[in-house]
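A short write-up of the structure that comes next.
Bear in mind that the values in this text are calculations on the coordinates, not laboratory data. Bear in mind the structure is a predicted one, so any value in this text is a computation, not a measurement. Heads up, the Cβs are rebuilt from the backbone with ideal geometry, glycines too, and the neighbour counts pull from every protein chain shown.
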Amino acid sequence: MTNNKQYQNNGTRNNESYRQNECTNSTNSMNLNNQSTEYYDHHTDTRYIHHSNIHNRIPPPDPHTLRSATPRRARNEYDDDDDEFTVIKSKRRRNQNNIKNNCHYDLVQDVQPNVVVNSPTTTHQLQQMSQPIVPTVSTEATRYAQTRFPFSPFIIRFNSGNIKESHAAEQIIKHFYDNVKIDVNIANIRKSIAKCQGDDYDLLIYVKDVDSFSALFGKQNWPQQIGGQTFTFTSMPSFPPQLSVIMKNVDLRVDLNELSEELNSLYPEIHNIIRLKNKYQNDIKMIKIEILSSSKRDALLKDGKIRVLGMTFDIEEYLCPATVLICSKCQGIGHFRRQCKQQNDTCKTCGTNCTDIRQHRCTSIMHCIHCMKNDHPSNSLKCPIVKEYRSLLTKKLLSTSTMNITNKNNYSYEPAGFPALPQPQSSTAPISINNATSNKIDELIFSVAKMNDTLDRIEKKQKEFELFIVESKKNDDYLFAKVDELMMNNREVKDRSDSNEKLIKKLILPSLDLLSQFLQHINLKATGIDDADFKYKIQTVRAQLDNASKGKIFS
């Protein structure tokens, strides 16, 4: 027993000395090969020390490093059946392997590359080093995309005057109704001087439906002047998706000009034909067709096919990306200015954070705070982060509409939601009570039927009365029109009468006086004396004319 213990102690001391020798040899070899070189990067103002490849990497796999760094749990060294006899040969080998593994593990952990940074990393550099993160689609962004005007505005510019929005809307509606025979529905019209100079101002006209947009899209349909003022078109609105379709699976080898000529000959309502591109600006097998007729677009979508160049292509509805909500204060995505938590304003062009944006002097060097690129402002739709956000927003809107349609149209019967009714119990009421209840129910049913008949008669009388009111209103309108016509005729007759009266008083009566005097002078008797009877008759007629002109009774 004593010999065994001494043998074990000797083995333990040998193991410890072996481990120390292994670690010492490894350390010495590393120190001999540890040749470091200092480098300086003038772009980032960074100094760092580069060690040799041997110590900057994990050692290659070998039978020692493949084992675990911690000693494996072995079974009990003492066995009851061995009569205190212990075999320690395998234990010594395991201890040696573990010592080597521990040495390698400690050395690898101790050797780390040293990096010396002379200047602290700024926030802007950290943002450039980090990967841009697309924010999640917020409720505000979804609501903003769903509540905007469905069509882009028509912008007309005036150089002078001060035309009211309501007056301009009335003139536009009246002109299109009288000349183009189209009822234009205007959703909103507002004045803006944001991009104007001097006395110029713009009117932004928003329409409600596709027919109104199609009518206003043709410049030849507009009036020459509005409110007595001439105007010009600064730009035409973007073509809406409500008047566009997609032609699918159009081979890239198909000549777009030839396709456009044949489509325009078949459908004169087509405004433009565009081959779509992917995010890498490469042509794809989809063509967008813009049509200035909602009925023709609906007919194409109903058919689902279009035949051109001897081929048949599928037609589908064009879905445009949603409008992205960008904060005007911090240029962040997905929230309004009043919900912004940032205290200072951010310049949309250079991305500088300033306390007062009105006193900020922009460098005019574009820098996007989302993707950290210098070729577009922060609120540009060309930004890849904004494009990705718009894609997520569009998918969310489409999934929401699909879920709503599914919830409205798809119904499934679940037996668990409608449990079976209990079995009817046998009635124990007397027969007389049942008969009385049945009689009451019959009387109630008869009363309800009688009431329904009465209500039907009342409804019929009400309809007749409404028809009578309508007819009476028409007759009243007719009588009022006749009365107005009579009053107008009366005024015309009165005007003519006054004119005739003036003619008689100022021309005819003086002429008759002169004629009567002349006749008196020439109507003499044979004796040369005036004829008294003739003179009396002339004076009598003249007096009657005076009474008639004054409205008196004469005989």
Suppose the chain between K208 and T136 were pulled fully straight at 0.36 nm per residue; how much longer would it get relative to their current alpha carbon spacing? 22.8 nm
So for L252, L309, fewest C-beta neighbours within 10 Å to most, what's the order? L252, L309
How much length is gained if the chain between R253 and I365 is pulled fully straight, taking 0.36 nm per residue apart and subtracting their Cα-Cα distance, in nm to one decimal? 36.2 nm
Using the structure shown, select from K348/K387; K248/K302; K248/K279; K373/K395; K505/K537; K502/K550 the pairs with a Cα to Cα distance greater than 23 angstrom. K373/K395
At N159 and I274, where each label point lies 7 Å from the Cα along Cα→Cβ, what is the point-to-point distance in nanometres? 3.2 nm
The range 255-296: trypsin sites (Lys or Arg not before Pro) in DSSP loop, at most 15 other beta carbons within 10 Å: K279
Tell me whether the range 149-235 comes out rounded, prolate or oblate; compute the Cα gyration tensor, take square roots of the eigenvalues as a ≥ b ≥ c, and use a/c under 1.5 as the rounded threshold. prolate
Per residue of the range 476-491, in order, report the coupling 6.51 cos²θ - 1.76 cosθ + 1.60 (Karplus, θ = phi - 60°) as ³J(HN,Hα) in whole Hz, putting x for Gly and Pro. 4, 4, 5, 5, 4, 5, 5, 4, 4, 5, 5, 4, 5, 5, 4, 5
Under a point-charge model restricted to the Cβ atoms of Lys and Arg (+1) and Asp and Glu (-1), what is the dipole moment magnitude of the range 431-492 relative to its Cα centre, in debye to the nearest 20? 220 debye
When only DSSP loop residues count, what trypsin sites (Lys or Arg not before Pro) in the range 204-262 have their Cβ near at most 13 other Cβ atoms within 10 Å? R253
Roughly what would the spin-label model give for S294 and Q339, points 7 Å off Cα along C-beta, in nm? 3.1 nm
